[in-house]
Amino acid sequence: MIRISNAEIWDLHCHFSGVDGKTVDERIAQLMVYADRMNVDRLVFFMGWPWSTNPDPDEFRRQNDQVIQALTHWQDRAFGFAYLNPMYVKESLEEIERCIANGPLVGIKLWVSRRCRDEEIDAIIKRTAELKGVIYQHTWLKVSGNRETESTPEDLAKLASRHPDVPLICGHTGGDWERGIRAIQNHPNVSIGIGGSDPTAGFVEMAVRELGAERILYGSDIGGRSFSSQLAKVFGADIPEAAKHLILGQNLKNMMTPILKAKEIQL
């Protein structure tokens with residue numbers, strides 16, 4: 001595999017589903033085999049399995065426990081975000097305390113249980129920001145129509161307007177990346193995650209042109225996608241090598257550095 005000179009690869013978006021193994025320990029070990037093959041240095045995991053789109057507190061606690069368990073063997077290479085359900089604000093805040101303030105996780109993952117334009121989500125955002133945690137919000141724009149509670153990049157733009165000093169990640173760039181880039185373009189606190197969609201030519205080039213390379217984060221969405229197909233978006237892009245260096249890992253490393261320092265995690 002081609003290697004960008006001196007570039008670390010930090011993968012923003014990893015899951016245990018779609019991978020061989022009866023336990024999370026077996027599955028993360030298998031994923032590390034694939035990561036070694038593709039020179040991926042650091043991996044961020046969120047959500048256990050099986051998934052639930054609207055988990056009750058017992059369920060998202062169980063999934064976060066799976067992530068915490070998997071990290072115990074790979075603390076030198078893997079990080080975890082807490083999976084929350086903003087329909088349960090009190091319990092989600094308690095989970096932030098358990099998993100981030102008093103635990104090993106370093107960010108949060110919000111999926112499709114509540115649209116992030118809703119102001120009820122603000123307490124979750126504020127507390128995570130106080131802890132310097134990374135905030136990842138799934139977004140999508142489906143041709144067939146989104147789930148009623150599934151966020152779009154436009155929803156995330158509204159959240160970003162309410163919290164202009166809080167770094168946020170627009171997961172998948174909305175899938176329809178041209179619209180997604182434009183939706184968050186004027187919100188400098190929003191970066192885009194480019195993982196989990198087809199490696200279409202022009203995606204990363206447009207993002208660099210419209211947002212700047214500093215606002216783009218590589219991620220794979222493995223095991224739903226492969227490392228190779230998602231890395232191809234960056235390696236195959238017609239952009240300077242310095243931009244590829246930022247996208248592949250340096251931007252995510254910079255975003256995570258405050259909480260890693262707070263937790264005294266050495267890189």
Quiz prompt | segment 227-265 - residue that is assigned to a helix (DSSP H, G or I) and charged (D, E, K, R) and, of those, surrounded by the most Cβ atoms within 10 Å (Cβ to Cβ) | solution = Lys233
Quiz prompt | Residues within segment 187-224 that are assigned to a loop (DSSP other than H, G, I, E, B), modelled with pLDDT of 95 or more, closer than 30 Å to Ile28 by Cβ and of a type outside the set (S, T, N, Q), tallied | solution = 5
Practice problem: Could you pull out the residue among Ala242, Ala262, Ala232 that is more than 16 Å from Asp41 (Cα to Cα) and touching a Lys or Arg at 6+ places or on another chain (Cβ under 7 Å)? | Solution: Ala262
Exercise. Any chance you could count how many residues in segment 17-65 are outside any helix (DSSP H, G or I), charged (D, E, K, R) and touching a Phe, Trp or Tyr at 6+ places or on another chain (Cβ under 9 Å)?
Key: 3
Practice problem: Those residues that are touching a Lys or Arg at 6+ places or on another chain (Cβ under 9 Å) and crowded, with 24+ Cβ neighbours inside 10 Å, I need them from segment 150-172; list them, please. | Solution: Ser151, Pro153, Leu156, Leu159, Gly171
Quiz item: Within segment 89-110, is there a residue that is of a type in the set (A, V, I, L, M, F, W, C), outside any helix (DSSP H, G or I), at pLDDT 95 or above and surrounded by fewer than 21 Cβ atoms within 10 Å (Cβ to Cβ)?
Solution: no
Quiz item: Exactly one of (1) crowded, with 21+ Cβ neighbours inside 10 Å; (2) at negative phi; (3) touching a residue at least 60 places away in the same chain (Cβ under 8 Å); (4) of a type outside the set (Ser, Thr, Tyr) is unmet by Met47. Its number?
Solution: (2)
Quiz prompt | Test result for Leu156, part of a loop (DSSP other than H, G, I, E, B), at negative phi and touching a Gly at 6+ places or on another chain (Cβ under 9 Å) | solution = no
Quiz item: Which residue, of Arg115, Arg61, is surrounded by 17 or more Cβ atoms within 10 Å (Cβ to Cβ) and without any contact (Cβ under 8 Å) to a residue 40 or more places away in the chain?
Solution: Arg61
Quiz item: Can you name the residue in segment 118-143 that is assigned to a helix (DSSP H, G or I) and basic (Lys, Arg) and is also surrounded by the fewest Cβ atoms within 10 Å (Cβ to Cβ) among such residues?
Solution: Lys126
Quiz item: Of the residues in segment 33-44, how many are surrounded by 15 or more Cβ atoms within 10 Å (Cβ to Cβ) and not aliphatic (A, V, I, L, M)?
Solution: 4
Exercise. Answer yes or no: is there a residue in segment 73-86 that is more than 19 Å from the chain's Cα centre (by Cα), at pLDDT 95 or above, part of a loop (DSSP other than H, G, I, E, B) and surrounded by fewer than 21 Cβ atoms within 10 Å (Cβ to Cβ).
Key: no
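The values are calculated or read from the model by the stated rules, or taken from the named source; none is laboratory data. What you are looking at is a predicted structure, and each value in this text was computed from that prediction instead of being measured. Positions of Cβ are generated from backbone atoms using ideal geometry, with glycine treated the same way; all protein chains shown enter the neighbour counts.
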